[in-house]
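> Below is the structure I would like to discuss, written out as structure tokens.
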Protein chains: 2
Amino acid sequence: MDNKISGKVTSRLTLYHSILCEYIEDGIELISSPQIASRLGIDDSQVRKDFGLLKNVGRCRVGYNVKELKDKIEKTLGFAHQKDAFIIGAGHLGLALAKYDNFSSYGLNIIALFDNDPYKVDMHINNKQIFHITKLPNLVHRLNVDIAILTVPKNQAQKVADFLVASDIKYIWNFTPAVLRVPDNIKVWNENLIASFLQFACKDIE
Amino acid sequence: MDNKISGKVTSRLTLYHSILCEYIEDGIELISSPQIASRLGIDDSQVRKDFGLLKNVGRCRVGYNVKELKDKIEKTLGFAHQKDAFIIGAGHLGLALAKYDNFSSYGLNIIALFDNDPYKVDMHINNKQIFHITKLPNLVHRLNVDIAILTVPKNQAQKVADFLVASDIKYIWNFTPAVLRVPDNIKVWNENLIASFLQFACKDIE
């Protein structure tokens, strides 16, 4: 992905992409920037500005070619680079993410889940097996996976993060509200749901 | 919340807040900006700059007063304004959010859940009742709730969103990957998990 593209633009590009996929399903070949803008409740000029960041996007008088635009967005956001990840914690959130089919179309492959509950081990969810957490170090190396999506309860988060690091996980997408302590060479991405709520709620709701 | 505070700053302020809560639990009264910065793997100057946005934050030679700093963050982010919300869809994601205790400490009260599955109706999760979706219009008015957190499957998202609008819901926090069509007076906040992954994965992982 082009590093100059900000988080807000990335977010809008993925929404445009969803709309383009709908158009393709419906067999529609052309789309205009006002059509996209009105679906998202944003300004037409914003959509055109974002498209200006995509390389060589052609536009004819009546609009953009839907398939070409979709391809350009995929190339710009780097969907083509497939990445494998494990989900750590097969609770409600872990299972929800494992069932979230949308991830794979954006290049994120959930390979398996891990939990410490013996009743969950060997179950399958969305064709992905749940393994006992003790199998993690072995599978990290055998399957060459270095991304973990952490969905355990807050009070277990640090202990499990330490185990992930010891198992050679390099990237942690942290869905827990805990602020993890990790060595400098480990990257943590905090999925801060409450921060997005605060932005939403406090700006828009009086 | 101060509208001049960006999404990234909001996100960092909530992380600082989590660290401050830990310090209070541990009975520690003072904290320095390098201590916070090192926990989050960010630059000390960034932390000080963010604190500069809070009004009247005092700092003595050895650091900040933990309780005072926590209060200032809460005031700035508007935690004090409690907001009530319903979760629509009692699947894994809806249940995960209902169990996410952290929300209430940030002013978001999940009042109840709604689903169309008769087997789930009248169950309780984290002391919150699951109602049949047909009860929604009545409870929106009786309990004066206008925020819905949408966690239904993608292929039902639009139909359910139409029902939310007809039931007088004004704000939809959309966790589905669907791009919803709603009237202009309804605010939709798309929780775009895949966009955050793309930012994380494509910037940091070669």
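The values are calculated or read from the model by the stated rules, or taken from the named source; none is laboratory data. Please read these numbers as outputs of a predicted model, since none were measured by experiment. Cβ placement follows ideal geometry from the backbone for every residue including glycine, while neighbour counts extend to all protein chains displayed.
> Hey, among A:126, A:109, which residue is on the phi > 0 side of the Ramachandran plot and surrounded by fewer than 21 Cβ atoms within 10 Å (Cβ to Cβ)?
Details: A:109 fails: on the phi > 0 side of the Ramachandran plot.
Only one candidate qualifies: A:126.
> Have a look at B:31, B:5 and point out the one that is facing chain A (nearest Cβ under 10 Å) and either over 19 Å from residue A:157 (Cβ atoms) or touching a Gly at 6+ places or on another chain (Cβ under 7 Å) (or both).
Details: B:31 fails: facing chain A (nearest Cβ under 10 Å).
Matching residue, one of B:31, B:5: B:5.
> All but one of (1) closer than 30 Å to residue A:129 by Cα; (2) touching a residue at least 60 places away in the same chain (Cβ under 8 Å) hold for residue A:73, so report the exception by its number.
(1)
> To continue, here is another question. With the checklist (1) within 30 Å of residue A:113 (Cα to Cα); (2) buried (at least 18 other Cβ atoms within 10 Å of the Cβ) in hand, flag the one item residue A:64 doesn't pass.
(1) is the only condition that residue A:64 fails.
> How many residues are modelled with pLDDT of 95 or more and among the small types (Gly, Ala, Ser) if we restrict to segment B:95-123?
Going through segment B:95-123 one residue at a time, the tally reaches 1.
> Something else: Starting from segment B:24-43, take each residue that is touching a residue at least 40 places away in the same chain (Cβ under 8 Å) and within 15 Å of residue B:13 (Cα to Cα) and list its partners that are part of a loop (DSSP other than H, G, I, E, B) and among the aliphatic types (A, V, I, L, M), counting only C-beta distances under 6 angstrom and pairs at least six apart or across chains.
So the pair list comes out empty.
> Of everything in segment B:99-116 that's assigned to a loop (DSSP other than H, G, I, E, B) and touching a His at 6+ places or on another chain (Cβ under 9 Å), which residue is nearest to the other protein chains (Cβ to nearest Cβ)?
Restricting attention to segment B:99-116, the residues satisfying the condition of being assigned to a loop (DSSP other than H, G, I, E, B) are B:99-101, B:106-107, B:116.
Those left that are additionally touching a His at 6+ places or on another chain (Cβ under 9 Å): B:99, B:106-107, B:116.
Numbers: B:99: 7, B:106: 5, B:107: 8, B:116: 18 Å.
Filtering segment B:99-116 for residues that are assigned to a loop (DSSP other than H, G, I, E, B) and touching a His at 6+ places or on another chain (Cβ under 9 Å), the one nearest to the other protein chains (Cβ to nearest Cβ) comes out as B:106.
> While we're looking at this one, here's another question. For the structure I just gave you, tell me whether residue B:58 is outside any helix (DSSP H, G or I), modelled with pLDDT of 90 or more and not aliphatic (A, V, I, L, M). Reasoning before the result, please.
Working: outside any helix (DSSP H, G or I): yes; modelled with pLDDT of 90 or more: no; not aliphatic (A, V, I, L, M): yes.
No.
> For segment A:28-38, check the following and say yes or no: at least one residue is surrounded by 18 or more Cβ atoms within 10 Å (Cβ to Cβ), among the small types (Gly, Ala, Ser) and closer than 22 Å to residue B:191 by Cα. Step through it out loud before you land on a result.
Taking segment A:28-38 and keeping what is surrounded by 18 or more Cβ atoms within 10 Å (Cβ to Cβ), we get A:31, A:33, A:36.
Restricting the remaining residues to those that are among the small types (Gly, Ala, Ser) gives A:33.
Still in the running and closer than 22 Å to residue B:191 by Cα: none.
There is no residue in segment A:28-38 that is surrounded by 18 or more Cβ atoms within 10 Å (Cβ to Cβ), among the small types (Gly, Ala, Ser) and closer than 22 Å to residue B:191 by Cα.
> Here are some residues: A:192, A:144, A:126, A:174. Which one is under 22 Å from the mean Cα position of the chain (by Cα), within 30 Å of residue B:146 (Cα to Cα) and modelled with pLDDT of 90 or more?
Details: A:192 fails: modelled with pLDDT of 90 or more; A:144 fails: within 30 Å of residue B:146 (Cα to Cα); A:126 fails: within 30 Å of residue B:146 (Cα to Cα).
After ruling out the rest, the residue left standing is A:174.
> Might you let me know whether segment A:74-95 holds any residue that is buried (at least 20 other Cβ atoms within 10 Å of the Cβ), of a type in the set (Val, Ile, Thr) and over 28 Å from residue A:149 (Cβ atoms)?
Within segment A:74-95, none of the residues are buried (at least 20 other Cβ atoms within 10 Å of the Cβ), of a type in the set (Val, Ile, Thr) and over 28 Å from residue A:149 (Cβ atoms).
> Collect the residues in segment A:71-98 that are assigned to a helix (DSSP H, G or I) and within 14 Å of chain B (Cβ to nearest Cβ), keeping them in residue-number order. Full working, then the answer.
Residues of segment A:71-98 assigned to a helix (DSSP H, G or I): A:71-77, A:92-98.
Correct list: A:73, A:74, A:75, A:76, A:77, A:92, A:93, A:94, A:95, A:96, A:97, A:98.
> Suppose the filter is modelled with pLDDT of 90 or more, more than 13 Å from chain A (Cβ to nearest Cβ) and within 27 Å of residue A:173 (Cα to Cα); does residue B:46 pass it? Spell out how you get there, then give the answer.
Details: modelled with pLDDT of 90 or more: yes; more than 13 Å from chain A (Cβ to nearest Cβ): yes; within 27 Å of residue A:173 (Cα to Cα): yes.
Spelling it out, residue B:46 is indeed modelled with pLDDT of 90 or more, more than 13 Å from chain A (Cβ to nearest Cβ) and within 27 Å of residue A:173 (Cα to Cα).
> Considering only segment B:186-200, how many residues are more than 7 Å from every other protein chain (Cβ to nearest Cβ) and closer than 14 Å to residue A:13 by Cα?
Count: 1.
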